[in-house]
Structure formats: structure tokens, C-alpha cells
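Report on the structure given below.
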Amino acid sequence: MVPLTEKHYRLALSLVPGIGCAWLRKLLAYFGSAQAVFAAAHKGNTLLPYKIAQSITASSSLSQAEKILQLYETEGIQLLTTEEETYPKRLLELPDRPSLLYYKGQATLNQQRIVTVVGTRQLTSYGQASITKFLEQLLPYHPLVVSGLAYGTDIWAHKQALEMGLTTVAVLPTSLQHIYPTAHKKIALEMCGVKGGLLTEYPIESGLGPHTFVARNRILAGLADVTIVMEAKEKSGALITAYHANNYHREVFALPGSIYAATSAGCHRLIKRNQAHLLTHIDDLAYIMNWTVHHQRQADAYANYPLTASEQMVLKQLQQAIEPITIETLTFTTALPPGTLQAALLSLELQGLLRALPGNRFTLAPIYKQ
């Protein structure tokens, strides 16, 4: 028999009936390890509550944990404990941090810059356009974009991030075996395959309920440096995320809207109560967060590419730009004939050096924005 590790014991402890996330944290803090908790239960240690000890000794959670870990290995799911380097370091700062996380994907959860985007499920065209605009403005900072895979704001943010080449991770209110909502399963799997990922604190076969959404919101807030509330009604789950972010001393930004729009009422409340900064341009966020863009020297970044003079002129303009550039602007700033400019843009795109965005706009590929 293969010796059981602390990871086995910790997963097993989380599977014991009656031991939720809060109890798991308390038991680990008091006894030092999950293995010590199991030992205390079997020895009849009076420092362990009787009902908890009884649940542990009566359960078959250790054998369950062994089977689940084998399944996770097959499915490429990582079990992250607070002691591991891959565990999100920002969550370690939280008093109510998850003791266990389940992760599927390729993105690092400790990226230099992480932004959470939340908002209403009834996203308006104004909200859609604003998310697209701000994510485009975020391209030079190459952040990890986090959201919750829900309808409306969440899924639009994930889709736009994918389209722009930004890494994006979804925090789920369910286990990774039951992606919610099921309508978004396809894009969730796409995220896992392109340096994105899916994250949850819920093990296999966990149920879905109102409490799981509320608990998920604290991870959305704690995982990021800054939370952006795009649109939110007066009573919106996005405001719970903003509340957690404020409690964790993380910055919050809110998008203003019409005073008559119900979908902006929650954002206005946050701003009026000084619980969020006003967001009109990503420069507002960059200033508060003290984010700066460090461009690579062109000679170093593109040394291995056989670029024409026209292509070098286009890249120079893209490097100097804060936001994506329209083809009209490039025509004016480079003074290249339309045919030459189009050929240069196509060549640069095929080489993976720039991205073409909706509206005939162009920006450097994210890897060259660092």
C-alpha cells in the first residue's frame, strides 16, 4: 500500500460530513496537519469535538480521497494546498482563505498583475462595449483576467479576454466535474487549453447552492490585486465581491452609467460611499495601482524576425501606443501607401507580432507588451 501523504489526509478531511471550509481551517490551525486531526479522532482526543471525531472515525473518506486523487491525475486537475508554491499567494493573506483548491489549466495563479471583472447577468450593450474597451486598454499590462463564468458580465469578460490573447481564469461555485452554467462548458474547456484555467474550492460531487456563490465571491476578490465592477444593480452579487475586496484592503473600481439605469445603481452606490474608485479609463486604475508599462527595446524584441522597413515602422507606432490603433491612424502616422500598410499588417499578424481587433484596430501581441 502506498503511504498516504498530507495531501491525502487534507482532502479526506474535507470530505468528512459536517466539516466545511471553516471547520477545516480551524482544525488545521489547531492540530497543525490533517494527519494529526485523524490521529486525534482515532485516539479519542478530548480536544476534538465529539461529533467531529465521530464523523471522522465513521467515514470512509481516506479511501475516497485516494480514488479522487487518482481521478484528478487522469483529468489533469491539481489539488493545491496552502503550503504549495502554486497556491495563489494573494489568497494566503485572507483570514478566510480556502485550505484546499482544485485547479485545471495552464495559467499561473501568481501572475504579476491580476484583475477581477464582475457585474450583472443582465449586461447591456454599454456594459459590453465598456468591458471590451477596458480590456483592450489593459493589453499593455498583460494581466490575468478573473471572473466567475456566469451569464452576462462574467462570460463576456472571459470571451473578450480570449479574443485579445489575455490569460483568463474562472472561479466556479461548483466542482470542476460539474461546470456551471453548463451552457458555458465549451468556453470553459477552451480557457483550459489556451493558458487559462478553472478554479474552485469544491471537491468532486459538491452540490450547488446560494452559499457556494457567496463563498466564491470572496475568492474572486482575494485572488486579484483589483476588482472592477462593470455594471451592477442595487442588490447584486457583484457588490458582495466588492465588499470582500474592501475588507481585504484591495482596490475596487466601478463603471459609472446613466442615473436612470438600474444596471448602474450598484456601481453608483459604491462610488458614492467611497467603496470604489470611479473608472472612466484604464489610466485611472494604472495610476492608483502604480502600474507602468516596460516595453522591450525593439532591437531585442524582434531580433530574430526578418522585418521589412514598413513592418518596423508599424511596430514602432504600436509600441508607442497606449491603446489599439485604427488603420486610419496608422495610415497617417506611417505615411505608407494603403497597399503597403495592409501587406505589413498581414505579415506581422501571420508572424504573431500583432493582433487585429474588431473595428479595424491593431495592437501588439500581448507577449511583446511586457
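Quick note: the coordinates plus some simple rules give every number you see, no bench work behind them. Keep in mind it's a predicted model, so treat the numbers as computed, not measured. No Cβ is skipped: glycine too gets one built from the backbone with ideal geometry, and neighbour counts run over all protein chains shown.
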Task: Relative packing of peptides 98-111, 120-133 - highest average C-beta neighbours within 10 Å first - done: 98-111, 120-133
Open item on the list: If the only charges are +1 at each Lys and Arg Cβ and -1 at each Asp and Glu Cβ, what is the size of the charge dipole of region 105-289 around the Cα centre, to the nearest 20 debye?
Closed with: 320
- [ ] Divide by every residue of the chain the summed helix terms, -39500 (n - 2.57) for each DSSP H run of at least 4, and state the resulting mean residue ellipticity at 222 nm, rounded to the nearest 500 deg cm²/dmol.
- [x] -13500 deg cm²/dmol
Open item on the list: Order these by the 10 Å Cβ neighbour count, fewest first: His184, His249, His42.
Closed with: His249, His42, His184
- [ ] Rounding to the nearest 20 debye, state how big the charge dipole of the chain is about its Cα centre with +1 on each Lys and Arg Cβ and -1 on each Asp and Glu Cβ.
- [x] 840
Open item on the list: Run the numbers for Asn360 and Gln342: contour at 0.36 nm per residue of separation, minus the present Cα-Cα distance, in nm.
Closed with: 5.4 nm
Open item on the list: Relative contact order of the chain, please, whole-number percent, based on alpha carbon pairs below 8 angstrom and at least 6 residues apart.
Closed with: 13
- [ ] Considering Cα pairs under 8 angstrom that are at least six residues apart, work out the relative contact order of region 169-301 and quote it in whole percent.
- [x] 18
Task: Spacing of the two label points (7 Å from each Cα toward its C-beta) at Arg273 and Ile327, in nm - done: 4.8
Task: Fraction of antiparallel bridges per DSSP, the chain only, in percent to nearest 5 - done: 40
- [ ] With label points built 7 Å along Cα→Cβ from the Cα atoms of Tyr260 and His281, find their separation and express it in nm.
- [x] 2.8
Open item on the list: So if each residue of separation counts as 0.36 nm, and I subtract the Cα-Cα distance between Trp23 and Glu163, what length gain in nm does that give?
Closed with: 46.3 nm
TODO: Over region 105-289, consider all pairs of different Cα atoms and compute the Kirkwood hydrodynamic radius from their mean reciprocal separation; express it in Å, one decimal.
DONE: 16.0
Task: Residues Val169, Val214 arranged by fewest to most Cβ contacts within 10 Å - done: Val214, Val169
Open item on the list: Of Leu28, Ser264, Ile56, which is farthest towards the positive pole of the chain's charge dipole, taken about the Cα centre with +1 and -1 on the beta-carbons of Lys, Arg and Asp, Glu respectively?
Closed with: Ile56
Task: Simple spin-label estimate for Glu73 and Thr5 in nanometres, 7 Å along Cα-Cβ - done: 0.9
TODO: Run through all the Cα pairs of region 298-368 and give the fraction in each 5 Å bin from 0, expressed as whole percent.
DONE: 3, 17, 34, 28, 14, 4, 0
Task: Cα extents of the chain along the three principal axes, largest first (Å) - done: 83, 52, 36
Open item on the list: Between helix 61-75 and the chain, what is the angle of the helix's C-alpha long axis to the longest principal axis, kept within 0 to 90° and rounded to the nearest 10?
Closed with: 20
- [ ] Give the angle, between 0 and 90 degrees and rounded to the nearest 10, that separates the Cα long axis of helix 34-43 from the longest principal axis of the Cα atoms of the chain.
- [x] 10
Open item on the list: One quarter of the convex hull surface, Cα atoms only: what value does that give for region 6-75 in nm²?
Closed with: 4.4
- [ ] Under a 10 Å cutoff between Cα atoms, tell me which one of Met289, Met191, Met164 has the largest fluctuation in the Gaussian network model of the chain.
- [x] Met289
